[in-house]
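The values are calculated or read from the model by the stated rules, or taken from the named source; none is laboratory data. Since we're looking at a predicted model, the values are computed, not measured. Cβ atoms come from the backbone with ideal geometry, glycine included; neighbour counts cover every protein chain shown. Ligands, DNA and RNA are stripped out before the accessible areas are found, and what is left, the full protein with its side chains, is counted by its heavy atoms. Shrake-Rupley method; radii C 1.70, N 1.55, O 1.52, S 1.80 Å.
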Number of protein chains: 2
Amino acid sequence: LKNKDKNVFLEYFLELHPTDQVELFQQLYKDKRPMFYEYLTPEQFAEIFQGLEVEEQKEVVKELDKTYAASMFNHMQADDIADFLGEIHEPHAKDILNAMEKEEADEVIELMSYPEESAGALMTKEFISIKATDTASEVMDHLRKKGPEAETVYYLYVVDAKDKLVGVVSLRDLIVAQLNETIENLMSTQVVSVESHTDQEEVARLIKDYDLLAAPVVTSTNELIGIVTVDDVMDVLEEEATEDFDDFTAAKGATDVNITSFSAAKRRSPWIIMLMFFGLITAGVIGTFEETLEEIVILAVFIPLIMDSAGNTGTQSLAVMVRSLATGSFERRGLLHTIKREFGTGLMLGLICAVVLMIVIPFLYPEGGVILAGIVGVSIFLTLSVATIIGAVVPVAINKLKLDPAIASGPFITTVNDILGLLIYFSIATALLDYLPR
Amino acid sequence: LKNKDKNVFLEYFLELHPTDQVELFQQLYKDKRPMFYEYLTPEQFAEIFQGLEVEEQKEVVKELDKTYAASMFNHMQADDIADFLGEIHEPHAKDILNAMEKEEADEVIELMSYPEESAGALMTKEFISIKATDTASEVMDHLRKKGPEAETVYYLYVVDAKDKLVGVVSLRDLIVAQLNETIENLMSTQVVSVESHTDQEEVARLIKDYDLLAAPVVTSTNELIGIVTVDDVMDVLEEEATEDFDDFTAAKGATDVNITSFSAAKRRSPWIIMLMFFGLITAGVIGTFEETLEEIVILAVFIPLIMDSAGNTGTQSLAVMVRSLATGSFERRGLLHTIKREFGTGLMLGLICAVVLMIVIPFLYPEGGVILAGIVGVSIFLTLSVATIIGAVVPVAINKLKLDPAIASGPFITTVNDILGLLIYFSIATALLDYLPR
């Protein structure tokens, strides 16, 4: 690239896999980029553009010549264009659509009309549909012509005269079949399909569970309108795992490493401040027991222990439930079974911790006597039992009530459990105050 | 199933997708299962068996007649058998291998010889390899014969006389090609392949990034020995996300909902107890400042606030790093950039929280005066700055030093940050003790 020998560069570069082309482009300094726009045809550059992240795409579009950009968009796949246009300002998006060929632009507009994170928004319209009356050899001929354009040729969807989905034939079955066999005899009529408004996570789960390479997307009247392919679904699985993680840590979109310190702080601070106010509530709980504390200062020493243990067990239960909800592993055993299981685990963990503490504390803090150890032990037992229930029930409730999943995040659950744990601890300590040595 | 009409059942059941067959089988009460073994041929039942989880497979094998089981294993895919045998007792595994056909058993033994979670352990040997000198029509004939057995027919791997991988042809390219074209002219020589010892997470990432349906597995001398398909990889992505989650919450394998309360408690208790001992260290920190506390009891009230804020910001930073490491999104920007970013975010979050607290505390706790608010504010600022660094640096260090990732879990980071936060807080308070109103 440095010696600017165009032909050598092109020969080498176009041999690369598109994914590697994208990576090379991303690693370049900005001032080298115009060379790409000059050397590559809009069609060749479209491949790279599709692989960039939205923020990079925005930058690149600004650098592109208008005619070049229009031609590039005409060579991109409709679903990738829709994704990009959904992220930029509306007037700008309209300009781009107007510059595109009408047929292609209409497809993009259709895709953009589906709700975010739905099967409709995820799907591509470049699929191959065939008729049940076709023969295997006719379909093969059709494939030879249409194959290069389609997103996948490995599943061929069979539609009737009204474009309704009636079956599916895999290319594998087609290859193995006799040439004069009709599709009707080859196709499977048990087609796993999704509706356009189906959530992308459900689509991903379906494709994963049934080991599919693609799933057809249909309207409510079973008309075939697109397909979702396995590679899109892999991105969804990763996105959803990141989302779960964000929710879990209340980091809300801040796990994106491509943003600045300032925007990360802006996104995270509402949560941190909100949680800090929860901390003030916890402070209030301790404040209520100030008199007890004044009498026996050593009680303050165990505040972190109660808080940590409550937080940790609650978070574990939460993790179990969040993952189970995400992977759908409930369906077989039932929710109640899992919640009961968690409660049982909580009782056992509480018991073990209580026993350990009642043995250790008299050695570490002999001034507190057996009573202090007893108070801490019983508090831990009750706290852990409650904490597992909170950790298990809250995410399920959130899921059922369709509330913001961030309420089921680690920090929230931990704060609730902190408050309950300290209430239990100080209530018991206050009740037994007269028995404590001072 | 209830009226035991075998033919009606079989007709209906065998029409179902294997995934649905498995689900139906799983939902049945145990006493109904023998009916399946009676009605279905070993080959038909093999499909169901492959879809079960290991624990269920173990139960089922116990219920099966020996001849039936042997026949079933002969009809299963080698990689599924290897997965199952790897989980049961060795003598029992040997019995099963001895009862199987030799060729199939050898394949299983080979697969079992690769390290866990490697490409070798994940791959299947049912792939299709062709020669560069074959013509398109010869390959199509070959596919018609071998197609039904192979795991995928959509990528055809081209090998030389020594079985070395030299290229790949997609079925799509083959279909579009002229019948007398040789594979040499059709194939791509830029094959993305993995070695047998490559970690499964890397294989998954490769298949995902390059939008592949399968990746060839080769020896160090580039000999083709198997393929990993996209459906196996989707399971890996999910497994790894769950692993990250487990590590993050120190729940270590306890997110599995199919275990009993007792085994969940057994798996989780070491962590909870270890973390409880960390809690005792935190208690020790407070204990060191007992005299300060005795003078100004109200200081105890802010212990939870300091702990929660330190924990929450640290956990957010940790989440950013864990996800970035998992998705490889560092590669472009560099690690140091992200750590600096986190530190910047920490300073800003600390500043905001400090300002809020210094305004709010004088109203809530007027008895502490401005000095108390100042102590808490400055402590929060310092604590949050430190907490983000700890949260960002620890997982990276763990990754570099190849330590147990559980050290980078939320609870550990939180505990470390708690201790640092309380040290900062009580040190400042002790230094300013004389200026505090009492």
* Hey, residue A:126 under 27 Å from the mean Cα position of the chain (by Cα), in a helix (DSSP H, G or I) and surrounded by 14 or more Cβ atoms within 10 Å (Cβ to Cβ) or not -> no
* To do: Determine if the range A:347-365 includes at least one residue that is in contact (Cβ under 8 Å) with a residue 60 or more places away in the chain, buried (at least 22 other Cβ atoms within 10 Å of the Cβ) and not aromatic (Phe, Trp, Tyr).
  => no
* Asked: From the list B:412, B:363, which one is within 14 Å of another protein chain (Cβ to nearest Cβ), under 19 Å from residue B:339 (Cβ atoms) and of a type outside the set (S, T, N, Q)?
  -> B:412
* What number of residues in the range B:129-155 are within 11 Å of chain A (Cβ to nearest Cβ) and closer than 19 Å to residue B:223 by Cβ? -> 3
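Take residue A:269 and tell me if it is free of Cβ contacts under 8 Å to residues at least 40 places away in the same chain, outside the structural domain of residue A:77 (by TED's automatic domain parsing), farther than 30 Å from residue B:141 by Cα and part of a loop (DSSP other than H, G, I, E, B).
Answer is no for this residue.
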* To do: Answer with yes or no whether residue B:240 is open to solvent by less than 30 Å² (accessible area, probe 1.4 Å) and of a type in the set (D, E, K, R).
  => yes
* **Failed item, numbered, when residue B:73 is tested on (1) at pLDDT 85 or above; (2) assigned to a loop (DSSP other than H, G, I, E, B)** => (2)
* Asked: Among the listed residues B:384, B:422, B:432, which satisfies the condition of being modelled with pLDDT of 85 or more and closer than 19 Å to residue A:277 by Cβ?
  -> B:384
* **Boolean, residue B:82 is in a helix (DSSP H, G or I) and closer than 23 Å to residue B:219 by Cβ** => yes
* Scanning for something out of contact with any strand residue (DSSP E or B) (no Cβ under 7 Å at 6 or more places or on another chain), modelled with pLDDT of 90 or more and within 30 Å of residue B:326 (Cα to Cα), does the range B:356-376 turn up at least one residue? -> no
* Does residue B:320 satisfy being assigned to a helix (DSSP H, G or I), modelled with pLDDT under 85 and β-branched (Val, Ile, Thr)? -> yes
* Hits in the range A:203-235 - residues which are within 12 Å of the chain's Cα centre (by Cα) and either buried (at least 23 other Cβ atoms within 10 Å of the Cβ) or within 7 Å of chain B (Cβ to nearest Cβ) (or both) -> A:204, A:233, A:234
* From the list A:282, A:288, A:313, which residue is β-branched (Val, Ile, Thr) and in contact with a Pro (Cβ under 7 Å, 6 or more places away or on another chain)? -> A:282
* Kindly provide the set of residues from the range A:264-303 that are more than 7 Å from chain B (Cβ to nearest Cβ) and of a type in the set (D, E, K, R), ordered by number. => A:266, A:267, A:291, A:295
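Could you look through the range A:205-226, keep only residues that are in contact with a helix residue (DSSP H, G or I) (Cβ under 6 Å, 6 or more places away or on another chain) and more than 18 Å from residue A:130 (Cβ to Cβ), and pick out the one that is modelled with the highest pLDDT?
A:207
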* Asked: Which of the residues that make up the range B:175-195 are open to solvent by less than 30 Å² (accessible area, probe 1.4 Å) and at pLDDT 90 or above?
  -> B:183, B:194
* So which pairs qualify, if the first residue must be in the range A:379-399 and surrounded by fewer than 24 Cβ atoms within 10 Å (Cβ to Cβ), the second must be at pLDDT below 90 and not in a helix (DSSP H, G or I), the Cβ gap must be under 9 Å, and the two must be at least 6 apart or on different chains? -> A:397/A:403; A:398/A:404
* Structure fact -> Filtering the range A:188-202 down to residues that are within 14 Å of chain B (Cβ to nearest Cβ) and of a type in the set (A, V, I, L, M, F, W, C) yields A:191, A:192
* Taking residue B:167, is it in contact with a strand residue (DSSP E or B) (Cβ under 6 Å, 6 or more places away or on another chain), open to solvent by less than 20 Å² (accessible area, probe 1.4 Å) and free of Cβ contacts under 8 Å to residues at least 40 places away in the same chain? -> yes
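So that you can scan it fast, the table gives a plain yes or no per residue for (1) away from every other protein chain (no Cβ under 12 Å); (2) in a loop (DSSP other than H, G, I, E, B); (3) closer than 19 Å to residue B:96 by Cβ; (4) without any contact (Cβ under 8 Å) to a residue 12 or more places away in the chain:
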site	(1), (2), (3), (4)
B:7	yes, no, no, yes
B:25	no, no, no, no
B:35	yes, no, no, no
B:44	yes, no, no, no
B:49	yes, no, yes, no
B:68	yes, no, yes, no
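So, of the residues in the range B:135-155 that are outside any loop (DSSP other than H, G, I, E, B) and more than 17 Å from residue A:174 (Cβ to Cβ), which turns out to be least open to solvent (accessible area, probe 1.4 Å)?
Result: B:135.
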* Do we find that residue A:103 is without any contact (Cβ under 8 Å) to a residue 24 or more places away in the chain and either closer than 27 Å to residue B:210 by Cβ or open to solvent by 90 Å² or more (accessible area, probe 1.4 Å) (or both) in this structure? -> yes
* To do: For residues that are of a type in the set (Ser, Thr, Tyr) and free of Cβ contacts under 8 Å to residues at least 12 places away in the same chain, tally how many sit in the range A:106-155.
  => 1
